[in-house]
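Remarks on the structure that follows.
Just so it is clear, none of the values below were taken in a lab; they were calculated from the coordinates. Note that this is a predicted model, so its numbers are computed, not measured. Cβ sites come from the backbone with ideal geometry, for glycine too, and all protein chains shown count toward neighbours.
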Protein chains: 2
Amino acid sequence: MALSNIRIVLVRPTHPGNVGATARAMKNMSLRRLYLVAPEKFPSSMATDRAAAATDVLESAVLCASLDEAIKDCHLVIGTTTRSRRIEWPTLDPPTGARRLVEGAGKGPVALLFGQERTGLLNEELDRCHAMVTIPADKEYSSLNIASAVQILAYELYRARLVEAVTPRVMEGHEGRPVSQEDMHRFYEHLEKVLHQVGFLDPENPRLLMRRLMRLFNRAELDDNELNILRGILTAIQKYHDKS
Amino acid sequence: MALSNIRIVLVRPTHPGNVGATARAMKNMSLRRLYLVAPEKFPSSMATDRAAAATDVLESAVLCASLDEAIKDCHLVIGTTTRSRRIEWPTLDPPTGARRLVEGAGKGPVALLFGQERTGLLNEELDRCHAMVTIPADKEYSSLNIASAVQILAYELYRARLVEAVTPRVMEGHEGRPVSQEDMHRFYEHLEKVLHQVGFLDPENPRLLMRRLMRLFNRAELDDNELNILRGILTAIQKYHDKS
């Protein structure tokens, strides 16, 4: 299993100590690929202190200006939360989420996202996710330290790999190759354009409908053949319009 | 299950930040009973900072001069380690250790021990344990931060309690009601009609494409809201055609 295909993405982390502690938590569980989206302060001596013997993970961290940049080549993106959300995403418990990621890493890059300390993942960040992992926690005090959340998921990823090593992989029933987030993003843009064209999007609130459609198609985890079919349908609708 | 019967014991912790982070990790997982054996510095502002909203757990921590004092009324004592030991104790994985502790807590006080940051539990401390829990970790860098180790075990204790209460259900992430096969059949007929209209179906082999699309949408397991959105899009495409 290609461990280098699993990346941990911290989105807008504010506290350097947490970034360092995340690097350590990762290395303890054999994970090395840390992506930092617009960190408030990096590098930082506090991050280095808390990283202990995992400064190599910190030093090789990939700095990104946006979340899209961090996940553009990923075919599976899973977000983390301890709270339930208004619009529900498919929600997995940590062992199930870890299993999905380990299976996905066999095919190409996958990402596990952690939101900013105070806010968690924002809605537009959640829109990038195929599924959410919820860490079960105390009803009245569910806000885990972010490096602690990374530690729990990194531990579950380590355990999932141990299981994977001795268990045959479950076939997903896809013929084609997995699809990158970048390709999905282009598909969603195309879809939105066509929906505008045929007058289906509510001009008052176009995002809500798009969010629901993105959730639906993310859940289906399209392969490249299927994406080509859907793109072809959208193009046919546009051509049909141009002719008439 | 008497949660107050589960105590977390830190043996000679040297870093106040770790004590505070331990308190937070515990409270996040509904644990409140922290015992500190000869801490190097306590109380401390750094412990309070890292405890975040778990200062109540810190304030009610029980200070002990010796390990024996901390566990004297316990009928089950489990130690933690990430390394294998020369003299072998019965060694449990974290879920099994957590289950033992949760079961034991039904009968009276039980303790989970964490050794000093640098040394771990010493042999004379291990002698007090009925069993050891080993956290699986990277072979070359197995030394977890102590509060991270507490977080993983506290999480497993929380999960063990959930299993004890009811078997946890995996949320599927749907708001709406499930869709009948009959409704899906009508949707596919509608889809096929529109695809004919926009000239997308291959007249030589229309079934192959439809079969692929059916597989895709079946896999997504639509709810009734989502089906209504998709039917609405198809109708909008048809209306758009009638207008033009």
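Observations
- Across region A:60-145, the convex hull enclosing all Cα atoms gives 114 Å³ per residue.
- If R0 is 22 Å, the Cβ-Cβ spacing of B:ASP202 and A:ARG231 corresponds to a FRET efficiency of close to 0.90.
- Only one residue of B:LEU101, B:PRO90, B:LEU112 has its Cα farthest out toward the positive end of the dipole of region B:3-165, where Lys and Arg carry +1 and Asp and Glu -1 on Cβ, and that residue is B:LEU101.
- Across all directions, the average projected area of the convex hull around the alpha carbons of the protein assembly as shown is 24.9 nm².
- For the Cα trace of chain A, dividing Rg by the Kirkwood Rh returns an Rg/Rh value of 1.00.
- Normalised by 2.2 N^0.38 Å, with N the number of residues, the alpha-carbon radius of gyration of region A:92-220 equals 1.25.
- Sorted by Cβ neighbour density within 10 Å, fewest at the top, the residues A:THR134, A:THR235: A:THR235, A:THR134
- Selected from B:ALA149, B:SER30, B:ILE78, residue furthest toward positive end of dipole (region B:3-165; charges at beta carbon): B:SER30
- Across region B:181-243, the convex hull enclosing all Cα atoms gives 74 Å³ per residue.
- Helical contribution to [θ] at 222 nm, DSSP H n ≥ 4, -39,500 (n - 2.57), averaged over chain B, rounded to 500: -15000 deg cm²/dmol
- Spacing of the modelled spin labels on A:GLN238 and B:LEU63, each 7 Å from Cα toward Cβ, amounts to 7.2 nm.
- Once divided by 2.2 N^0.38 Å, the Cα radius of gyration of region B:22-102 becomes 1.25.
- With the alpha-carbon atoms of region B:96-140 aligned to their principal axes, the span from lowest to highest coordinate is 37, 24, 14 Å, starting with the largest.
- Summarising the amide proton neighbourhood of A:VAL133: residues at separation of 5 or more, or on other chains, whose placed amide H is nearer than 5 Å comprise A:GLY79, A:THR80, A:THR81, A:LEU92.
- Computed log₁₀ I(q)/I(0) - Debye formula, equal Cα scatterers, no solvent, region B:44-86, q 0.17, 0.26, 0.29 Å⁻¹: -0.77, -0.92, -0.95
- Efficiency of FRET from Cβ geometry, A:LYS107 and B:LEU122, R₀ 41 Å, rounded to 0.05: 0.35
- Longest site-free stretch - chain B; sites: trypsin sites (Lys or Arg not before Pro), DSSP loop, at most 14 other Cβ within 10 Å: B:170-244
- Distances between equivalent label points of B:PRO203 across the copies, with each point positioned 7 Å along Cα→Cβ, amount to 3.9 nm, shortest listed first.
- Environment charge at B:ASN18 (Cβ cut-off 9 Å; Lys +1, Arg +1, Asp -1, Glu -1): 0
- Kyte-Doolittle at least 0.0, axis length at least 27 Å by Cα - qualifying DSSP helices, chain A: A:146-166
- Legend: residue pairs B:LYS27/B:LYS107; A:LYS139/B:LYS27; A:LYS72/A:LYS107; A:LYS41/B:LYS27; A:LYS193/B:LYS193; A:LYS41/A:LYS139, Cα-Cα distance threshold 20 Å; pairs beyond threshold, B:LYS27/B:LYS107; A:LYS41/B:LYS27; A:LYS193/B:LYS193; A:LYS41/A:LYS139.
- Exposure proxy order (Cβ contacts within 10 Å, fewest to most) of A:HIS185, B:HIS196, A:HIS15: B:HIS196, A:HIS185, A:HIS15
- In the assembly of identical copies, A:LYS72 has its label point, taken 7 Å from Cα in the direction of the beta carbon, separated from the corresponding points by 6.6 nm (ascending, one decimal).
- Of all DSSP bridge pairs formed entirely within the protein assembly as shown, close to 10 percent run antiparallel.
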